[in-house]
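The values are calculated or read from the model by the stated rules, or taken from the named source; none is laboratory data. Fair warning: this is a prediction, and the values are worked out from it, not measured in the lab. Ideal geometry is used to build each Cβ from the backbone, glycine not excepted, and the neighbour counts take in all protein chains shown. Each accessible area value is taken on the protein alone, full model and side chains, heavy atoms only, with ligands, DNA and RNA left out. Shrake-Rupley method; radii C 1.70, N 1.55, O 1.52, S 1.80 Å.
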Amino acid sequence: MLDQLFGQAGPAPGAIGIAAAAYVAYPSGRIAFAPNLVYGQTDIAETVRRRFQVDVVVENDANAAAWAEQQYGAGRGSDDTLMLTIGTGIGGGVVLRGELFRGHLGFAGEFGHITLVDGGPLCACGERGCLEALASGNAIGRMAREGVAGAPDSILMELAGDDPSRITGALVSEAAHAGDEFAAEVLQRAGRWLGTGLASLVNCFDPSVIVLGGSGATAGWFLLEPARLELDRRLGRRRTIPPIVTAVLGNDAGAIGAASLARLRMAGRETGQPLSGGK
């Protein structure tokens, strides 16, 4: 696709933005660690820069999505936006006072890897009890596979072709929307863990809005309402709870955010630029 863009008549793009599902060092854009994907090249920015001879910005995909939703989507109008992306894993990003917060090395926002249960389920990062291991699409699928034998009335086995290994988070969501009580219970359990994680994040960042995106957000009420209730149970007695809203930019959020960040760098107005240091 990039070759087609640069081969078209008219002015070529002046910069390229890439959203990567990984720990992305800032400002170099190098891939430091990826729990759910394997990258053949760690220095994606330099590889693409050499190929197309333009400036390249590589940003964590959830950071890019958070920036896009804050600028153009569900968080627009809020200078303090917290976003979680729920899919295969759980990513996150935060915009504070209108600036994308990356932290010292660029690794801020890895909310999926905060520990909620010491010695809990194994996470793709190699640790146990992470939020990602308790509330992601993979976690929802695992919990359903572990419990479906004790739920003879569930339609999950039928949807999975009588093969429990084919039960995924998306299939659990489909079953819940079809009225499957067991599937709804699995999503509620994941939602409570999500709310537990959100309570810690609200205490840390005090956002004015929480945006939930990714394929997991399509579970809708079954996941989000238990998260809201758990967040309110933990914090509601002492503070106003920020609203939880669903992302509106869909799967394009990461690409939109990465393109916006590349445009800002090209204009010399990069957001979240460190005062010193950087990798």
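Explain nothing, just the number: relative contact order of the range 76-142, from Cα pairs under 8 Å at least 6 residues apart, as a whole percent. Don't skip to the answer; put the middle values down first.
Working: 113 pairs, mean separation 18.1, N = 67.
Relative contact order for the range 76-142 comes out at 27 percent.
Which residues in the range 27-57 have a backbone N closer than 16 Å to a point placed 7 Å from the Cα of Ala12 along the Cα-to-Cβ line?
Counting backbone N atoms under 16 Å from the label point, the list is 46-57.
Let me know the shape class of the range 125-169, please: from the alpha-carbon gyration tensor, a ≥ b ≥ c as square roots of the eigenvalues, rounded when a/c is under 1.5, otherwise prolate if a/b is greater than b/c, or oblate.
Numbers: a/c = 2.93, a/b = 2.31, b/c = 1.27.
It is prolate, given that a/c is not under 1.5 and a/b is the larger ratio.
Using 1/(1 + (r/R0)^6) with R0 = 25 angstrom and r between the beta carbons of Leu229 and Ala34, what's the FRET efficiency to the nearest 0.05?
Step by step, r from the Cβ atoms, then E = 0.15.
Using the Cα gyration tensor of the range 59-131, with a ≥ b ≥ c the square roots of its eigenvalues, what is the shape: rounded (a/c below 1.5), prolate (a/b larger than b/c) or oblate (neither)?
Here the range 59-131 falls in the prolate category.
With each pseudo-label sitting 7 Å past Cα toward Cβ, what's the Val54-Trp221 distance in nm, one decimal?
4.5 nm
For a label point 7 angstrom out from the Cα of Arg166 toward its Cβ, which stretches of the range 120-145 have the backbone nitrogen within less than 20 Å?
138-145
Given R₀ = 30 Å, FRET efficiency for His177-Arg237 by Cβ-Cβ distance, to 0.05?
Details: r = 33 Å, r/R0 = 1.09.
Efficiency, rounded to the nearest 0.05: 0.35.
Could you state the orientation-averaged shadow area of the convex hull built on the Cα atoms of the chain, in nm² to one decimal?
On the way: hull surface 66.5 nm².
The number I arrive at for the chain is 16.6 nm².
Report, in degrees rounded to the nearest 10, the 0 to 90 angle that the Cα long axis of helix 181-205 makes with the longest principal axis of the chain.
50 degrees
May I ask you to derive the FRET efficiency for Gln41 and Cys204 from their Cβ-Cβ distance with R0 = 30 Å, giving the value to the nearest 0.05?
Details: r = 33 Å, r/R0 = 1.11.
Given R0 = 30 Å and the Cβ-Cβ separation, E is 0.35.
Distance between Cα centroids, the range 105-154 to the range 11-87: provide it in whole Å.
Their Cα centres are 24 Å away from one another.
Using only alpha carbon pairs under 8 Å that are at least six residues apart, calculate the relative contact order of the chain and give it in whole percent. Walk me through the intermediate numbers first.
Working: 553 pairs, mean separation 63.3, N = 279.
Relative contact order of the chain: 23 percent.
If you roll a 1.4 Å probe over the range 170-262 with all protein chains in place, what percent of the accessible area is carbon or sulfur? Intermediate results must be reported in sequence, preceding the final value.
On the way: 2170 of 4190 Å².
Carbon and sulfur: 52 percent of the exposed surface of the range 170-262.
Based on DSSP H runs of at least 4 residues, each adding -39500 (n - 2.57), what is the mean residue ellipticity at 222 nm of the chain after dividing by all its residues, to the nearest 500 deg cm²/dmol?
On the way: 10 runs with 109 residues, N = 279.
Dividing the helical sum by the residues of the chain leaves -12000 deg cm²/dmol.
If packing is taken as the average count of other Cβ atoms within 10 Å, what order do 17-24, 124-131 fall into, highest mean first?
Details: 17-24: 22.9, 124-131: 18.8.
Averaged packing, sorted descending, gives the order 17-24, 124-131.
Using a Gaussian network model on the chain with a 10 Å cutoff between Cα atoms, which of Gly147, Gly98, Gly197 fluctuates the most?
Gly147
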